[in-house]
Each structure stands twice: as C-alpha cells, then as structure tokens.
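Structure, as structure tokens:
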Amino acid sequence: MVEKEINDRDITELRSSAVNHLWMHNRDWVKTGEEGGPDIVVEADGIEVTDIKGRTWIDVNGGYNSVNAGYGRTEIAESVRNQMLQIPYFPQGTTTAPLVQLAEKLSDIAPGDLTRSWPVSGGSEANETALKIARSYHKRRGDSGRYKVISRKGSYHGATGGVMWLGGSGSVRSDYEPSMPGMVYAPQPNSYRCEFGGETPDECAVLCAKSIEDLILFHGPETVAALIAEPVSASSLAAVPGSPYWPMIRDICDRYGVLLIADEVITGFGRTGQMFAVEHWDIVPDLMTVAKGITSSYLPFAVSIATNRVAEVFAGEKNIFRQALTFGGHPACASAALTNIGIIESEGLIENSAKMGAYFLDKLKLVQDRHSIIGDVRGLGLLLGLEIVKNPETKESFTDNSDIAEILNKSFRSHDLILLASNKGISIGPPLCIQKNEVDYICESIDKSLTMAETELSLT
C-alpha cells in the first residue's frame, strides 16, 4: 500500500490537470473527464501496480506486453543511474561501452548469424528502419525495382509514417490516406478464421504460405523487397500459425530473393517461451526487430538486427546506411537492456513463460468450456488471446456498437484487473514472473466477467 502523501484535493487536481493538458494514447479526454480523470499509478512490484489512491491492480498485459521482467526491478534502475553518472550521452561519431556490450550480447543470443545491431528508440522505429534497410539493400545490389513490402492482414507493426500502412487498411489509418506505395497484403494464418477454409492449423498454414508465393509471382519477384510478419500475431489475438508455415515462408523468400523480416517487438525476450519466437520453428530471418521486452520497458529502446549477409552490403564509405536518430543507442537505455536480459536469463523467466503460459492456456480453455461466447483460445507462452463471438456456430463477431466490451471492462475493473477487452476479444500478456495463484485469480475473474456480460446481454 502506497503511503498517502497526496491528499484527496491534490489527487482531484492532478486528475483534472490530466484531462485538461494530457493527450493520452487511445483515450477520449471527454469520457476520461466524465470518469473523473485517468487512473494515475505511482508504485509497482512484480505484476501489480498501485494507483495514487492506494488501490492495487494486477496488470494482466504487462504494460503493452512489454514489462517482461516485471515491475520493481531496482537493479535495472541502479544500472541506469550508474551509467548516467558516468556518461549520460555520447559525442557525435563515438559510442559507449554498454552499447557495444549489448550489441555483442544480442549477437550471442539471436538465432543464426543475426549479428549486426542498429539501435533506435522504439518498435515503430525498429520496423521502419528494417523496411529502409531492406529497400536500400536491394538498391545497393542493383535491384532498384524492389520496393514492395508484403505484410499480413490484421497485423500491427507500428505507428510511424511507413509502418502504419503495414497490415492493411482500417479506421486507424483513414485519417492519413493515401497509403504508402508498395504495400501488399497477405492472409493471416489464423486457423480459427482461415481465409482459405483450411480445416486444421497445418492445412491453413500451408494454404496461407502458398498464397504469399502467389502474391510474389503476381507482382513480380523483381518488385518485392521484403516480407514482414510477427512470428505470433499479437494484433490478431495471439494467432499461432501451424507448424509448416514459417519453414515454408523462409524457403519462399529464399527462392525469390525477398528479405524476411521477423517483427519480434512483442514476441521477443521470452514472451512466447523461447528467447525469440522464431526459435519455435528453427528459422533465421534476414532482419529481426526487437523492442519492449529488451528493457522490460524501463526505458525506451529498440534494435533492428541484420544478418551478416544483409549488413555486408552496407560496408564501405559509399554504401553507408544513411540514418541518424538522436536517441538511438542511448547508453542508459543500453545499460538497462543488458541488466534486464541478465535478469531474464538468470531467473529462468523464459522457462517460467513456457510453464505458466501452458498452465494459463489450459485454465482459459476450462473457462471457454463454460462460455459459448468464447470462440477460440490460443497463444504461445505468455502471449495469449480469447476470441469472442456472438454465435459460436457461425463464428459471427459482435458488432462495433455492441456493449460487450464495455461490460467486460467494467467487470475487470471491479476485480482489480488492468485488462481491456474489445468487441473482438481479449489479449493477455502479463510479466513473465507471474505465478500460478495469480493466473488462477485472473482466470476466475475473467470467468465471472463473462458470466456478467452474458447475463446483461441475455446471451445465456
């Protein structure tokens, strides 16, 4: 329990100030004002956070699936402090010891020959950088016509000007049209809603992989620079592709000279029960992007990692990759990343992610047995999703004007859960230090919340 150093008047004024001056992510300040202002958290430990009023919550999504090591890691804070006392930044044309050490560490733990790191500030920047590297790679090799990028429908790869167009169109993008040229969209290998009608995960995987080859041939291999995809799609409620998918994709990209970019912004650093999710299928992408879990979000940091084959094209003064970001490679962030990776490895958090993820999935399947509105439960490690449907037979989804998300979210709050449902489903991604008793409570609370929603909407 946080000590009440701030009185009720101060709390009211602070929340009011947030409504008047703070432009929060994906929040309407009018509605937030009607609710008295946003929740303001002041302390945290493990998977729990405490707000300014002293109420403790379970953060079921670990921030944005990013606080992998959990809250309250004083060793990360201390490493940052010590680094900033030594040197807080770096003069142009120089680097720092923690950044060099981190690049070496990433080379050691990344699959295959992913050995060359380009540091940036966040996942959007990492994916944007990977696209630029892919296009410039082909240009330097004389394939200047390769500019198109294949991504999968329903995916999310960031919010900056280029990567926001990956994954297809939608309301979130409509304000910024026209789209970036060269965007090509492939099916999502979601076996629950297989675009090609595949009846099993493996059948769906094969059909979706073949469709990517068809797209490459349709557009012409000489025009396609890269394919970017999450190994497990968080934005599609943790859709896990069938086992043939990734080996087939690797083979297809090799066959047509297309660079394969694995977006491990969410799936990296133990989230799926391996250090990196591509390790589940034993494949090595040409480029891999990491963020979020690399520091457990203690500081903003991300990296685009390239194989030697890709990186060597940029060797030599005339071939330098032309990009400079002021905060890319910040030494304090690099120090946080090194300490964080050490915690993940030394405390067995990857193993715990695999173990607790399997336990969590089994518990959610028991919840599914009691609620017909859960169409599918899926995931890998501690990246999990529940797809909600209006009709389990037809898999009809709830419409955007349905009240189900609002009812569920209200109930989640009553159970002290920081967990947001949409009318499509519920995404789950807690810190990797979660334990069985915490999983049990979360599942019990989701169960009760679904019962409430079914009752209020007369779905039982």
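Laboratory data are not the source of any read-out in this text; all were calculated from the coordinates shown. All values derive from a computational prediction rather than experimental measurement. So basically every Cβ, Gly included, is an ideal-geometry build from the backbone, and we count neighbours across all protein chains shown.
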Quiz item: Rounded if a/c is under 1.5, else prolate if a/b beats b/c, else oblate: with a ≥ b ≥ c from the C-alpha gyration tensor eigenvalues square-rooted, which is region 319-397?
Solution: oblate
Quiz prompt | Mean ellipticity per residue at 222 nm, deg cm²/dmol - from DSSP H runs of n ≥ 4 across the chain, formula -39500 (n - 2.57) | solution = -12000 deg cm²/dmol
Practice problem: Classify region 248-352 as rounded, prolate or oblate from the Cα gyration tensor: take a ≥ b ≥ c as the square roots of its eigenvalues, call it rounded if a/c is under 1.5, otherwise prolate when a/b beats b/c and oblate if not. | Solution: oblate
Quiz item: Could you name the lysines in cross-link range of K448, using Cα to Cα under 29 Å and dropping any fewer than eight places away on the same chain?
Solution: K31, K53, K355, K363, K365, K390, K395, K410, K424, K436
Exercise. Quick one, can you get me the convex hull of the C-alpha atoms of region 1-158 expressed as volume per residue in Å³?
Key: 222 Å³
Quiz prompt | 10 Å-binned pair-distance histogram of region 74-346 (Cα, whole percent) | solution = 7, 30, 35, 21, 6, 1
Quiz item: Which whole-number percent is the relative contact order of the chain (Cα, under 8 Å, 6+ apart)?
Solution: 20 percent
Self-check item: Å³ per residue enclosed by the Cα convex hull of region 105-175
Solution: 124 Å³
Self-check item: Sorted by Cβ neighbour density within 10 Å, fewest at the top, the residues C194, C208
Solution: C194, C208
Exercise. Work out, step by step, the length gained on full extension between S243 and F218: first 0.36 nm times the residue separation, then minus their alpha carbon distance; give nm to one decimal.
Key: 6.4 nm
Quiz item: If the label point is 7 Å along Cα→Cβ of E104, which residues in region 301-344 have backbone nitrogen under 20 Å from it?
Solution: 303-308, 329-344
Self-check item: Label zone at E444 (point 7 Å along Cα-to-Cβ), backbone N below 16 Å, region 51-83
Solution: 58
Quiz item: In 5 Å bins starting at 0, how do the alpha-carbon pair distances of region 134-224 split up by percent?
Solution: 3, 14, 19, 19, 19, 15, 8, 3, 0
Quiz item: At a Förster distance of 25 Å, what's the computed FRET efficiency of S144 paired with M183, Cβ-Cβ distance as r, to 0.05?
Solution: 0.85
Quiz item: Leaving out same-chain residues fewer than 8 places away, which lysines sit with a Cα under 22 Å from that of K148?
Solution: K132, K139, K210
Quiz item: Fewest first, what order do F412, F314, F327 take by the number of other Cβ atoms within 10 Å?
Solution: F327, F314, F412
Practice problem: Note down the relative contact order for region 74-346 as a percent, whole number, built from C-alpha pairs under 8 angstrom at least six residues apart. | Solution: 29 percent
Practice problem: Would you work out the relative contact order for region 349-452, in percent, from Cα pairs under 8 angstrom that are 6 or more residues apart? | Solution: 29 percent
Practice problem: Return T272, T394 ranked ascending by Cβ neighbour count within 10 Å, so the fewest neighbours appear first. | Solution: T394, T272
Quiz item: Per Stokes-Einstein, at 4 °C and 1.567 mPa s, what whole-number D in µm² s⁻¹ belongs to region 168-302, with the Kirkwood radius over Cα pairs as the hydrodynamic radius?
Solution: 82 µm²/s
Practice problem: Report, for region 74-346, the % of DSSP beta bridges that are antiparallel, rounded to 5. | Solution: 45 percent
Self-check item: Over the chain: Kirkwood hydrodynamic radius from C-alpha pairwise inverse distances, Å
Solution: 23.2 Å
Practice problem: Output the lone cysteines of the chain: those with no second cysteine's C-beta under 4.7 Å from their C-beta. | Solution: C208, C253, C333, C433, C443
Exercise. May I ask you to compute the full-extension gain from D10 to A358, defined as 0.36 nm times their residue separation minus their alpha-carbon distance, rounded to one decimal in nm?
Key: 120.9 nm
Exercise. Calculate the spin-label point distance for F321 paired with D175, positioning each point 7 Å from the Cα along the beta-carbon direction, and give it in nanometres.
Key: 3.1 nm
